[in-house]
1. Quick check: anything in the stretch 97-108 surrounded by fewer than 23 Cβ atoms within 10 Å (Cβ to Cβ), without any contact (Cβ under 8 Å) to a residue 60 or more places away in the chain, in a loop (DSSP other than H, G, I, E, B) and small (Gly, Ala, Ser)?
2. In the stretch 43-59, what residues are farther than 11 Å from residue 104 by Cα, surrounded by fewer than 24 Cβ atoms within 10 Å (Cβ to Cβ) and in contact (Cβ under 8 Å) with a residue 40 or more places away in the chain?
3. Please enumerate the residues belonging to the stretch 187-203 that are of a type in the set (S, T, N, Q) and more than 25 Å from residue 58 (Cα to Cα).
4. What is the one condition in (1) touching a Gly at 6+ places or on another chain (Cβ under 6 Å); (2) buried (at least 21 other Cβ atoms within 10 Å of the Cβ) that residue 282 does not satisfy?
5. Which of the residues belonging to the stretch 60-75 are surrounded by fewer than 24 Cβ atoms within 10 Å (Cβ to Cβ) and either outside the structural domain of residue 206 (by TED's automatic domain parsing) or under 18 Å from the mean Cα position of the chain (by Cα) (or both)?
6. Would you please list the contacts, defined by Cβ atoms under 8 Å and residues six or more apart or on different chains, that run from a residue in the stretch 70-82 that is over 11 Å from residue 51 (Cβ atoms) to a residue that is surrounded by fewer than 24 Cβ atoms within 10 Å (Cβ to Cβ) and charged (D, E, K, R)?
7. Conditions: (1) in a helix (DSSP H, G or I); (2) more than 30 Å from residue 115 (Cα to Cα); (3) without any contact (Cβ under 8 Å) to a residue 40 or more places away in the chain. Residue 12 meets all but one. Number of the miss?
8. Restricting attention to the stretch 321-343, which residues are crowded, with 17+ Cβ neighbours inside 10 Å, part of a loop (DSSP other than H, G, I, E, B) and either of a type in the set (S, T, N, Q) or touching a Pro at 6+ places or on another chain (Cβ under 7 Å) (or both)?
Amino acid sequence: MYLTMVERFLHGLELASDRPAIRIGSEVITYRQVHETASSWAGSLMAAGAPRVVGVLAGKSVESYVGLLAVLYTGATVVPLQPNFPAALTRRMIQMAGVETLIADADGLAVLPEIASQETVVRVLETRDVAGRFPTIPVTADPKFTAPVQVTATDRAYILFTSGSTGIPKGVPVTHGGFAHYFEQLHQRCDFVPEDVFAQTYDLNFDPGIHDVFAAWGAGAMMQVVPPSAYRDLPTFLADHEVTVWHSTPSGIWMTREMGGLQKGALPGLRWSFFGGEALRCQDVADWLAAAPASKLENLYGPTEVSIGICWHRWSGEESEKLGVNGTVPIGKVHEGHDFRLVTDKGEQSDEEGELCITGPQLSPGYLDPADDEGRFVEFDGRRWYRTGDRVHANPDGTLAFIGRVDAQVKVHGWRVELAEVDHVMRGCSGVRDAVTVARPAAHGTELIVFYTGAEVPESTLANRVRAVLPASTLPRRYVHLEAFPLNSNRKTDRLALRRMAQELPGGQTGSRPRER
C-alpha cells in the first residue's frame, strides 16, 4: 500500500518526533512542532468551514512548510504561490485554481494588497498580525482537530503551475495517487535515513521542491534551506550544515564550479546527488563527482503533468555515457506501472526515436482549463496519454536518452537542424563551457544564433567547428559570448530570454517566429 504525503510525514514523525524537520537559517523546527502547528492551523481552517482549495503565499519560511502540511491535513487542495511573482500572474493563478483562503508569511502579506482585487477576495489564516487589512480566519487555541482527513487516490493534493517556458502557465492538478506512486518508486531505490540532511534549493511552487519535502519527511530526515548566497562557498555551507542529500537543476553545478567549489574531494559528505529540470551533461557529472566521490548520482526526468518525475537514471560512468545523446546523461527508464511510446513527426509509432508519450498512475487528470488539454492529453488504444513535447531515443535495454524539445528541431534553408546537436559540438570547442542555440526569423528565412559561456573564442574558430556537422548554408549567423546564461524562476536556463536577445541583435525580425520542424 503506497503512502500518501500526510502518511509519509506521520511516518517521519514516528521515527524522529524530537529531531529537526526543517532548518531555515538559525531557526530549527522539530517534527513534533511541525505536527502540532499544522494540526492547529488545519483545525482552525476546518472550524471556519471545510476548505476546498487553499493557497500558500510564502517563500521558504515556516509558513510555507507548515502551511503545506496543514492544508493536506484538512483534505483540501494546496496551491503553492510565490511572493516574488508578478502580482497579475499570481492573481490569475488564484482565480484559475479557485483559491478562497490563503496562508501567507511576511513576504506574502506584503504583496497581497497588490494581488487582491474586487474579483480576487480571499481570507487569510491569521498566523501572524495582518492588522485588519484582509478578512481573516483566527488560529484558535482549541481547534478540536483530532486526525488528518482521509483522502482517496483520485483526490487532488496539489495544483502546480507550469513554468510558462512555452507561453502562459497552465494549472496542473496532481492527485494523491500520483504523488504516492512517485514516492514509492523513490523509496524502493534510495536508502534515506533520519540522520540525512536534505538541501532544499527549489521553491515550493516547482515540483522538485515537493520531492525534497516529502522525501526527507518520509525518512524522518531534516530539510536544510539553501540560500542563494551559499553558492559563494558551497563546500563550506554543506559541511557546516552536514548536508548529505543534494538536489538542484544542472545550473547548480556550473554555479558551484564558477565559485571554485568543485575541487577534488570538496563535497565529501554527500551520499546522494539528484539533478533534474533540464538536460544534464556527462562532463558536469564528472566534475561534480570528483568533488563528491562518496555520492550516488541520479538524473531525474518528468514534466509536472506526470507527478514530479517519471524516469530516473543512476550514473554508471562509461556505460551512462554510451547510453546518452549529444554528451548528455540518459533520462533512464520509466517508472513501474507506466507505459511509454515514441511518436514520429508523421504520427507513427517508433521503437527508436520520437516524441515521448506517457500513460500510467502518475498522469494528471488534465489541466484546470480543459481547453489546454487539446494536443497534450490524447487517446491511444483506449487509454489516456500525455505528450511530453520531448524527443527521445530508446536504447535496446529500454533506457531513454533526451534529444531535445520537439520545437527545437528547425529547418534552415530546407535542412532540418537539431539545435541540441549544435550545442553539443560547440561544447567541444576549446574554452567553451556551455552553449545554447536558438533560431530566429530573418529576411532570408530562419537563421541560428549561438550563445555560449566560458572563454571568449574567435568566431572563425567556432564556425570551423560547427562546419563538421552542418552544411555551410545553415551555419549560425552569430556567436554571442555571455558571462552566464539567464535563469528563470526555477533556475533553468531561460531560453525565452535568449530568444528575445537573439531577436534584438542586428538582422532579427521582431515579432516573427522561425518555422519549426
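1. yes
2. Quick first cut of the stretch 43-59, residues farther than 11 Å from residue 104 by Cα only: 43-53.
Remaining after also requiring surrounded by fewer than 24 Cβ atoms within 10 Å (Cβ to Cβ): 43-44, 46-53.
Matches in the stretch 43-59: 43, 44, 46, 47, 48, 51, 52, 53.
3. Once the filter is applied, which keeps residues that are of a type in the set (S, T, N, Q) and more than 25 Å from residue 58 (Cα to Cα), the stretch 187-203 yields only 188.
4. (2)
5. Listed by number, the list holds a single entry, 60.
6. Listed by first residue and then by second, the contacts come to 80/203; 82/203.
7. Status for residue 12: all satisfied but (3).
8. Correct list: 324, 326.
The values are calculated or read from the model by the stated rules, or taken from the named source; none is laboratory data. Bear in mind the structure is a predicted one, so any value in this text is a computation, not a measurement. Here the Cβ is made from the backbone with ideal geometry for all residues, glycine too, and neighbour counts use every protein chain on show.
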